[in-house]
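The values are calculated or read from the model by the stated rules, or taken from the named source; none is laboratory data. The structure presented is a predicted model; accordingly, all values stated were derived computationally and were not measured. Here Cβ is always computed from backbone atoms with ideal geometry, including for glycine, and neighbour counts include all displayed protein chains. Accessible surface areas use protein heavy atoms only, side chains included; no ligands, DNA or RNA. Shrake-Rupley method; radii C 1.70, N 1.55, O 1.52, S 1.80 Å.
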Amino acid sequence: SAAWLTTDWVRCQVLGEGSYGKVYLYQQTSTGVHLAIKLCRKGALRKKRFGLRATALDGLLRGVEIHKKLSHPNVLPLLQVIDDPEADILYMMLEVMTGG
């Protein structure tokens, strides 16, 4: 479950919303560090088609694999991806971009 998220992190605000999920600003209570965390509901993504055979979840997971390999000053790094099968949610943790 997402006990790690509820015990040491506080949700501050919604940063954005896309077709695959919502992005929230979280602050770690023990350190004060801020992260952008995208929550993607896997069940809903399994129902959406992405091309002829794949689902939107397949497309998202392929995008995650590509994002992990990217290293560019204009692309925010994907710090961690946590798959929570109990909640059926994929958590994507990114640095927070300010001033943009």
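Could you please find all residues in segment 46-61 being among the charged types (D, E, K, R) and touching a strand residue (DSSP E or B) at 6+ places or on another chain (Cβ under 8 Å)? Before the answer, list the steps.
Going through segment 46-61, the residues among the charged types (D, E, K, R) turn out to be 46-49, 53, 58.
Answer for segment 46-61, where residues must be among the charged types (D, E, K, R) and touching a strand residue (DSSP E or B) at 6+ places or on another chain (Cβ under 8 Å): R46, K47, K48, R49, D58.
Is there a residue in segment 25-34 that is open to solvent by 70 Å² or more (accessible area, probe 1.4 Å), under 15 Å from the mean Cα position of the chain (by Cα) and either closer than 24 Å to L61 by Cβ or without any contact (Cβ under 8 Å) to a residue 60 or more places away in the chain (or both)? No: segment 25-34 contains no residue that is open to solvent by 70 Å² or more (accessible area, probe 1.4 Å), under 15 Å from the mean Cα position of the chain (by Cα) and either closer than 24 Å to L61 by Cβ or without any contact (Cβ under 8 Å) to a residue 60 or more places away in the chain (or both).
When segment 4-24 is filtered for residues that are farther than 16 Å from I89 by Cβ and over 15 Å from the mean Cα position of the chain (by Cα), the ones remaining, listed by number, are T7, D8, V10, C12.
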